[in-house]
1. Being without any contact (Cβ under 8 Å) to a residue 60 or more places away in the chain and away from chain B (no Cβ under 11 Å) is the filter here; which residues of the range A:208-242 pass it?
2. Determine if the range A:435-443 includes at least one residue that is within 13 Å of A:Gln402 (Cβ to Cβ) and either of a type outside the set (Ser, Thr, Tyr) or surrounded by 20 or more Cβ atoms within 10 Å (Cβ to Cβ) (or both).
3. Looking only at the range A:13-44, which residues are at pLDDT 70 or above and either in contact with a strand residue (DSSP E or B) (Cβ under 8 Å, 6 or more places away or on another chain) or surrounded by fewer than 21 Cβ atoms within 10 Å (Cβ to Cβ) (or both)?
4. Right, B:Leu54: at the interface with chain A (Cβ under 7 Å from one of its Cβ atoms), touching a residue at least 40 places away in the same chain (Cβ under 8 Å) and crowded, with 16+ Cβ neighbours inside 10 Å or not?
5. For residues in the range A:354-379 being under 10 Å from A:Gln136 (Cβ atoms) and at pLDDT below 80, which is surrounded by the fewest Cβ atoms within 10 Å (Cβ to Cβ)?
6. In the list B:Val47, B:Val29, B:Val39, which residue meets the criterion of being assigned to a loop (DSSP other than H, G, I, E, B) and either surrounded by fewer than 16 Cβ atoms within 10 Å (Cβ to Cβ) or facing chain A (nearest Cβ under 8 Å) (or both)?
7. What about A:Val349, is it among the hydrophobic types (A, V, I, L, M, F, W, C) and either surrounded by 22 or more Cβ atoms within 10 Å (Cβ to Cβ) or within 14 Å of chain B (Cβ to nearest Cβ) (or both)?
8. Right, A:His112: without any contact (Cβ under 8 Å) to a residue 40 or more places away in the chain, under 29 Å from A:Ala346 (Cβ atoms) and out of contact with any strand residue (DSSP E or B) (no Cβ under 6 Å at 6 or more places or on another chain) or not?
Amino acid sequence: MNIALIIIFSVILLSSVLGICAGGRKKMNLEMWTVGGRRFGVVLIWLLNAGEIYTTFTFLGASGWAYMKGAPAFYILIYGTLAYTISFFILPVIWRLGKKYSLHTQPDYFIHRYGSRYLGVFVAIVGVVFIIPYLQLQLKGLGLIVTEASNKTIGFNTAILISFFLTSIFVFTSGIRGSAWVSVVKDIMMILAVGIVGFGVPYIYFGGIGNMFRALIAQHPNHLTFPGATANMDTLWVMSTVLLTGAGFYMWPTIFATAFSAKSAETIKRNAIIMPLYQLPILLVLMVGFTALLVIPGLKDGDFAFLSLVNKTYAPWFMGFVGAAGAVTAMVPASILVLFASTLIAKNVYQTGLNPRASEESVIRLSRFMVIVIMGAGMAFAIYFPNALVDLLLIGYNGVSQFCPGVVLGLFWRRIHAGAVFSGLVTGLALVFVLVFGKHDPFMGLNAGFVALAANFAVTILVSWLVPSAQNSAPRK
Amino acid sequence: MQKGTKYALLCAAVPFVTLAFALPFVNRVEPFILGLPFVLFWIILWVAMTPLALFAAYRCEKRFNLPEREDEE
């Protein structure tokens, strides 16, 4: 056990204890477990949001994109900003509905708005299908961090097993509140790590940020303008991608539900105003990727760029600190993903679909049990089929974005009904699968998900216009 | 649509125009500003300006819209 590993595991352990303490004393009902009793103020909502948004993808993936692809990575700075702008208008409306009708989840919203249990169950299942690969990505990121920090002395599988045993315990006992509080630890560490490395490495190797970029342009003249080092990610791709992912961001069942955790619509608006500032540290992450391209060229997998550069540049204890930040950055989003996937299954697949008379206690019991099942599934996939779900992950964002017409049009347009939403959703999802797996992404320079979303909107609107609502939004038996 | 909402939507158009639709016109590295290539500087600038745009939107809603019934406990 070296110093880096000791630091990583101590931080994981402390975070778990904090998570357990944060949620431990209150009596746990469904409202407390999923949406924190609808009591979160600006600060906790901000932390919760930040907790979900900064994942290992931000850490390792963004620097990897900067390293491998160059300018197209800039989209990561943009899409969150657009998403918060959209959230300013739609989230408060969703919050009011949630408060008035006690909604906890995204499918709850669909069931309430469209009066169709079938649509709710369908939305829940689609949501879980896209959450699991995202969870697996977090587990994999964590495994890579621990393995790299131990200089390969701790196996990937052992690393995953230990850390996620702890994550399960804290999801199990504390619900969403524990995750929000552990976000505090995670964010402080993450900002410190990214700040020190992001400003540090360009100075250490090139004497400044400007010099680093000059050196990069001298070696790779096209790396910093679209399409960068890629063949097909030109300006049109970036534009369609930021519009798609900006629209899709709040359609993740986990992020959608933060609307329900807030204590007021006002909280949500204020949060939307400050959130874009949280995108700015990503600039530093990108600079690490660019510096790595010059200092350690030729990596096969760009996701190693951040860790390898830190390992090469800094003392082992600092590698431990960065690794710990990365580990908690995997743990918090993972716990939130698990929590929501299990709630979706217990509440919207089991209760809504199979047994509408199930009591709240039995739903909570089932969703706690599902935490273990889903963690197990994520772990099994991460260990035994590390690449089996990569394809699903590719289409994750494209997939959840297809909820957008149903959510947004439903808020502002009376005429839209369950049949229209269902047709649009199926069209969108089918197009995503066909275009992405048929290797037509980008499609005519546009992000394939964007094409699918456009078709989805068209079908939803057309069907709403042409086909009158079957049951006039009355709840179906 | 209430007047405040209209103004608010106008404010919110700012990040969409600058960060999506303007990209073809700023896709170059020169001039460097604050050590950043131009396109990156442009993006950072408007990401940092978005909170101001949203704050303006917030003020517009407060000022011109009818007060909302706030459901806080």
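The values are calculated or read from the model by the stated rules, or taken from the named source; none is laboratory data. Just so we're clear, the structure is a prediction, and the values are computed from it rather than from any experiment. Using ideal geometry, Cβ is built from the backbone for each residue, glycine included, and neighbour counts are taken over all protein chains shown.
1. The initial filter retains those residues of the range A:208-242 that are without any contact (Cβ under 8 Å) to a residue 60 or more places away in the chain, namely A:208, A:210-211, A:214, A:217-218, A:221, A:231, A:235, A:239.
A:Ala218, A:Ala231 - these are the residues of the range A:208-242 that are without any contact (Cβ under 8 Å) to a residue 60 or more places away in the chain and away from chain B (no Cβ under 11 Å).
2. Looking through the range A:435-443, at least one residue is within 13 Å of A:Gln402 (Cβ to Cβ) and either of a type outside the set (Ser, Thr, Tyr) or surrounded by 20 or more Cβ atoms within 10 Å (Cβ to Cβ) (or both).
3. Passing the criteria: A:Leu13, A:Leu14, A:Val17, A:Leu18, A:Ile20, A:Cys21.
4. Yes, satisfied.
5. A:Met379
6. Working: B:Val47 fails: assigned to a loop (DSSP other than H, G, I, E, B); B:Val39 fails: assigned to a loop (DSSP other than H, G, I, E, B).
Result of the check over B:Val47, B:Val29, B:Val39: B:Val29.
7. Taking the combined requirement at face value, the residue does not satisfy it.
8. In short, yes.
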